1. Given (1) among the hydroxyl-bearing types (Ser, Thr, Tyr); (2) at pLDDT 95 or above; (3) assigned to a loop (DSSP other than H, G, I, E, B), identify the lone condition not met by SER69.
2. What do you reckon, is ASN204 in a strand (DSSP E or B), within 16 Å of the ligand (Cβ to nearest atom) and either under 20 Å from the mean Cα position of the chain (by Cα) or modelled with pLDDT of 95 or more (or both)?
3. Show the residue pairs that are 6+ apart or on different chains and have beta-carbon atoms under 7 Å apart, the first residue being within the range 438-461 and under 22 Å from ILE403 (Cα atoms), the second being more than 15 Å from the ligand (Cβ to nearest atom) and among the polar types (S, T, N, Q).
4. Restricting to the range 240-256, what's the tally of residues that are crowded, with 20+ Cβ neighbours inside 10 Å and either free of Cβ contacts under 8 Å to residues at least 24 places away in the same chain or more than 19 Å from CYS181 (Cβ to Cβ) (or both)?
5. Yes or no: LEU256 of a type in the set (A, V, I, L, M) and more than 22 Å from VAL422 (Cα to Cα)?
6. Of everything in the range 416-435, what is more than 15 Å from the ligand (Cβ to nearest atom) and among the hydrophobic types (A, V, I, L, M, F, W, C)? Give them in sequence order.
7. Considering the range 90-110 alone, what residues qualify as being within 19 Å of CYS153 (Cα to Cα) and surrounded by 24 or more Cβ atoms within 10 Å (Cβ to Cβ)?
8. Across the range 53-63, which residue is surrounded by the fewest Cβ atoms within 10 Å (Cβ to Cβ) among those that are under 28 Å from the mean Cα position of the chain (by Cα) and closer than 15 Å to PRO77 by Cα?
Amino acid sequence: MKDYTFPDHFLWGGASADSQYEGGFGLGKRGLATTDFVTDGSHTRPRQVTYKMPDGTIGSCDFKGEMPSGAIGYLDPEQYYPAHQAVDFYHRYKEDIALMAEMGFNIYRFSICWTRIFPTGMEEEPNEEGLQFYENVIDELEKYHIEPLITICHDQLPAYLADHYDGWSSRKTIDAYLKLCHACFKRYGARVKYWLTFNELNVNKGYAQIGVHSTQPQQHYQAMHHIFVASAYAVKMAHEMMPGCMVGNMYAMSALYPLTCKPDDMLAQVNVRRLTYYYSDVMLKGKYPNWAKKMLERLHVTLKMEKDDEQMLRDYPLDFCGFSYYRSTTVNKDSKISAIGLCMDTNPYLEATPWGWPLDPKGLRYVLNELYDRYDKPVMVVENGLGEIDTFANGTVNDDYRISYLKDHFKNMHDAIYEDGVELLGYTMWAPIDLVSMSTGEMKKRYGFVYVDMDDKGHGTKDRYKKKSFEWISQIYKSNGKALKEE
Ligand code: BGP
């Protein structure tokens with residue numbers, strides 16, 4: 001029988017993001033974040049950002065779309081905003097981390113809520129209460145020998161920076177971000193080895209994620225340039241302040257297949273894939289590739305750079321490549337491609353989740369190889385999991401579908417390591433304890449090993465219950481994968 005033991009010191013754990021998990025709105029002097037203005041939604045009803053115009057008019061727009069110039073975030077008392085309470089990790093972190101320990105985690109990825117540390121982003125000094133909260137989290141993790149993996153900025157911005165400077169359109173946001181990095185490295189650096197500078201830059205971004213009102217190519221790519229530069233400065237600062245640390249980023253990496261072997265479909269695959277790689281190429285290879293320069297020319301985008309920008313990108317590339325993997329996608333020459341190159345076509349050979357995400361564990365092996373071949377740097381799966389409708393009965397959920405999804409993905413990770421030679425550092429499953437869905441704002445799209453008693457409108461006790469997969473994952477993690485062979 002095949003032995004599925006993973007390498008010694010393999011990192012096994014879970015991942016979350018503050019706006020979906022933490023809650024604690026307004027507590028501990030936390031300031032307003034762009035994600036606070038994002039309403040709930042569903043698979044068919046897009047989440048909205050609610051805003052106010054300078055003349056006092058109230059409006060809303062798609063949370064990844066274009067927001068009118070001059071609009072500022074606005075809280076409408078008629079709306080439900082899931083980020084405000086999320087599932088209340090803020091008050092329940094001890095209980096949740098104890099559950100993580102019981103599942104055998106040796107790593108936990110969480111993100112910093114920027115406005116807990118700098119409520120507007122403009123303060124000179126960090127907010128002690130905010131710093132203390134994450135220190136408490138780290139203390140608790142240390143108690144169980146769980147290594148923290150910190151995402152410095154997971155798809156959000158202080159509302160002040162978005163409303164006054166148009167977020168990442170402005171170089172002021174680079175300074176504000178580096179202040180956040182400095183505060184975190186200084187306070188947590190001795191105890192945190194792994195860092196991610198940003199989350200999924202290659203997914204459509206608007207006001208809620210990067211604070212930029214316009215989603216037009218000129219504004220989008222200029223904002224991304226500022227983010228790349230900020231990340232390079234963060235790598236430099238991290239290496240200086242925390243020798244031996246590892247800094248990565250996180251990219252959304254669905255596998256992408258041509259729908260047929262028609263040469264036109266293959267060429268479409270190459271072109272769309274490159275749009276996904278735009279972000280990681282600059283940040284891991286340290287320069288804009290030729291094809292990217294050509295693309296910017298075609299889009300009439302002129303990047304405004306400062307003198308040291310290109311050198312910073314060259315000198316401070318990331319140390320490893322973190323990525324999320326949920327699904328694969330197909331593309332053909334007629335596919336509908338989003339403005340930043342995303343294609344969501346399904347695959348006739350694969351089944352899909354109720355949200356239409358194709359199930360493709362082999363695609364993970366393909367992506368692991370693709371990334372390792374391309375960058376020749378260690379990789380880490382920092383998100384992967386199954387969003388499903390769970391039926392809660394008798395205090396638990398029989399989620400055999402989740403077990404089967406993860407088992408197949410783990411086996412492919414194992415083969416990528418042992419048969420293909422991929423240097424895979426670890427795996428943080430999304431999301432070990434149920435939380436709010438990013439794309440739809442729902443609770444019913446559940447990923448966890450732990451069920452949280454809360455519905456789409458935030459009603460419920462938020463009490464935690466172990467699902468069937470809880471025991472299963474404990475065996476896998478604690479045996480370092482060996483228990484997979486009995487499955
Ligand atoms: C990624 C995000 C996460 C998370 C995950 C699952 O895009 O980094 O924040 O939410 O996807 O997506 P969803 O919540 O939409 O199911």
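1. So SER69 meets the others, but not (2).
2. Taking the combined requirement at face value, the residue does not satisfy it.
3. The qualifying pairs are PHE449/SER469; ASP453/THR461.
4. So the answer is 5.
5. On the way: of a type in the set (A, V, I, L, M): yes; more than 22 Å from VAL422 (Cα to Cα): no.
Answer is no for this residue.
6. Matches in the range 416-435: ALA416, ILE417, VAL422, LEU424, LEU425.
7. Going through the range 90-110, the residues within 19 Å of CYS153 (Cα to Cα) turn out to be 90, 107-110.
Within the range 90-110, ILE107, TYR108, ARG109, PHE110 meet the criteria.
8. Selected residue: GLY59.
The values are calculated or read from the model by the stated rules, or taken from the named source; none is laboratory data. Every value quoted in this text rests on a predicted model; they were computed, and no experiment measured them. Heads up, the Cβs are rebuilt from the backbone with ideal geometry, glycines too, and the neighbour counts pull from every protein chain shown.
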